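All remarks here apply to the structure that follows.
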Amino acid sequence: MQLLLGLLWLLVPGSAALEPISMSIAIGAASVLTGYLSYPSFYCGFVECCPGEADRPNTTALKEDLDNKLFGQHLAKDVILKAVTGFRNNPNPKKPLALSLHGWGGTGKNFVSQFIAKSIHKAGQTSKFVHLFIATLHFPHDHQITLYKDQLQTWIRGNVSACARSVFIFDEMDKLHPGLIDAIKPFLDYYEQIDGVSYRRAIFIFLSNAGGDLINKVALDFWRSGKDRKQIQLKDLEPVLSVAVFNNKNSGFWHSSLIDRNLIDYFVPFLPLEYKHLKMCIRAEIESGGKKINEAIVDEVAKEMTFFPKDEKIYSDKGCKLVQQKLLYYWERL
């Protein structure tokens, strides 16, 4: 208020000789302006704010992103939408939401983490409340695990203190040093508060290629038995997936207390993509670039990809990962 009055004093002509009634008007104007600036909806129109209790997740946008930008992943679509919506609509969650997404590269795990972040924070991954950790970038040296554990705890504690609805994404979990992720176990547990801070409204997302071979085998077995991939259910994969990741020495979850204590809410499998799904990715990439779809070019790009198994050639071995790069060669023809 004093600052605003000072500004008014300098800006109003002849302010040194203001009459009492003029000064009263100035004070009233300053009071109104102060009120507007302190009103959350006004302030948050200019600065990103942490979502409050009244702010609901944008489930419509999340559903649209999952329906229109994620292909061949009926299990992930169903689990993610229900998990995120249910968690955000729960007025009193007992623990943070922890999702572990598994599958080969290019199947959509990173996409989904972005969709979730955007449904909670409008700015998505560019939000100051969304935090991405990449194993090989942020935790490269195995001899510094103790230091990394301390830094990780400090980072999470500080950010959740600033925003209870923080989102943390851990990429390349299969490259993370075993034991490091256990440093965040207290934050994922059923504690009401830790040192005065509640972590129950935060979201933790783990992305990993670990377990991808197992997921691919289940999908291939279904295909060879003549079953539609949409017949695969979460119960066909989730239990064996959690055990496989827990026992995988090349996984950041190897013998992790997060799995042992059942602190991961969902292990979400991402199925390998078939030729038809690859073409869907290509079409979506063309449209996102503002071009008209040319089916001949869609076919050409799809045929440049490599597939497995060697004999049947059913699944893209890199998913949709190389679509954007491959399309650059054909861009002028679109």
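Among the aspartates and glutamates, which fall within straight-line cross-link reach of Lys95, defined as a Cα-Cα distance under 20 Å, with same-chain neighbours fewer than 8 residues apart omitted?
Output for Lys95: Glu53, Asp55, Asp182, Asp189, Glu192, Asp195, Asp260, Asp265.
Consider the candidate values (1) 1.26; (2) 1.06; (3) 0.97; state which one is Cα Rg over 2.2 N^0.38 Å computed from the structure displayed.
Comparing each candidate, only (1) matches the computed number.
Between their Cα atoms, which of Lys175/Lys276; Lys149/Lys185; Lys94/Lys118 are more than 20 Å away from each other?
Pairs exceeding 20 Å: Lys175/Lys276; Lys94/Lys118.
With axes computed from alpha carbons, what is the tilt in degrees of helix 74-89 against the longest principal axis of the chain, rounded to the nearest 10 within 0 to 90?
The helix 74-89 is inclined about 20 degrees to the chain.
How much accessible area per residue does segment 179-268 have, counting only protein heavy atoms and a probe of 1.4 Å, in square angstrom?
So segment 179-268 comes to 48 Å² accessible per residue, rounded to a whole number.
Restricting things to Cα coordinates, could you compute the convex hull volume per residue of segment 65-221 in Å³? All intermediate terms of the calculation are to be shown ahead of the outcome.
On the way: hull volume 19.2 nm³, N = 157.
Here the figure is 122 Å³ per residue.
What angle, in degrees between 0 and 90 and rounded to the nearest 10, separates the Cα long axis of helix 2-11 from the longest principal axis of the Cα atoms of the chain?
Once rounded, the angle reads 70 degrees.
For segment 59-271, what is the relative contact order in percent, using Cα pairs closer than 8 Å and at least 6 residues apart in sequence? Before the final figure, lay out each step's value.
Numbers: 351 pairs, mean separation 66.8, N = 213.
Worked out over segment 59-271, it gives 31 percent.
About its Cα centre, how strong a charge dipole does the chain have in debye, to the nearest 20, once Lys and Arg get +1 and Asp and Glu get -1 at the Cβ? Provide the component values of the computation, followed by the final result.
On the way: 39 positive and 35 negative charges, 99 e Å.
Once rounded to the nearest 20, the dipole reads 480 debye.
What is the distance, in nm, between label points placed 7 Å from the Cα along the Cα-to-Cβ direction at Asp195 and at Phe308?
4.4
As a check on your grasp of the helix formula, calculate [θ] at 222 nm for the chain: sum -39500 (n - 2.57) over DSSP H runs of n ≥ 4, divide by the residue count, round to the nearest 500.
-14000 deg cm²/dmol
Any chance you could give the angle, 0 to 90 degrees and rounded to 10, that helix 212-224 forms with the longest Cα principal axis of the chain?
So the helix axis and the longest Cα principal axis differ by about 50 degrees.
Calculate what fraction, in whole %, of the accessible area of segment 274-333 sits on carbon and sulfur atoms when a 1.4 Å probe is rolled over the protein chains.
Its accessible area is 50 percent carbon and sulfur atoms.
On the protein heavy atoms, probe 1.4 angstrom, tell me the percent of accessible surface of segment 59-271 carried by carbon and sulfur.
The C+S portion of the solvent-accessible surface of segment 59-271 is 51 percent.
Find the eigenvalues of the gyration tensor of the Cα atoms of segment 274-333, then list the square roots of 5 times those eigenvalues as equivalent ellipsoid semi-axes, largest first, in whole angstrom.
For segment 274-333, the semi-axes come out at 21, 10, 10 Å.
Please list, or write none, the lysines whose alpha carbon is within less than 17 Å of the alpha carbon of Lys279, excluding same-chain residues fewer than 8 places away.
Answer for Lys279, where 17 Å is the Cα cut-off: Lys69, Lys291, Lys292, Lys303, Lys313, Lys318, Lys321, Lys326, listed by chain and number.
Taking only protein heavy atoms and a 1.4 Å probe, what accessible area per residue, in Å², does segment 274-333 have with all protein chains in place?
Numbers: 3720 Å² over 60 residues.
With the other protein chains kept in place, segment 274-333 gives 62 Å² per residue.
At 0.36 nm per residue, minus the direct Cα-Cα distance, what do Glu64 and Lys291 gain on full extension? Give it in nm, one decimal, please.
Extra length from Glu64 to Lys291 when fully extended: 79.6 nm.
The values are calculated or read from the model by the stated rules, or taken from the named source; none is laboratory data. Remember, it's a predicted structure, so these values are computed and weren't measured experimentally. Every residue, glycine as well, gets a Cβ built from its backbone with ideal geometry; the counts of neighbours run over all protein chains shown. The protein model used for the area step is the full one, side chains on, heavy atoms only, and it has no ligands, DNA or RNA in it. Shrake-Rupley method; radii C 1.70, N 1.55, O 1.52, S 1.80 Å.
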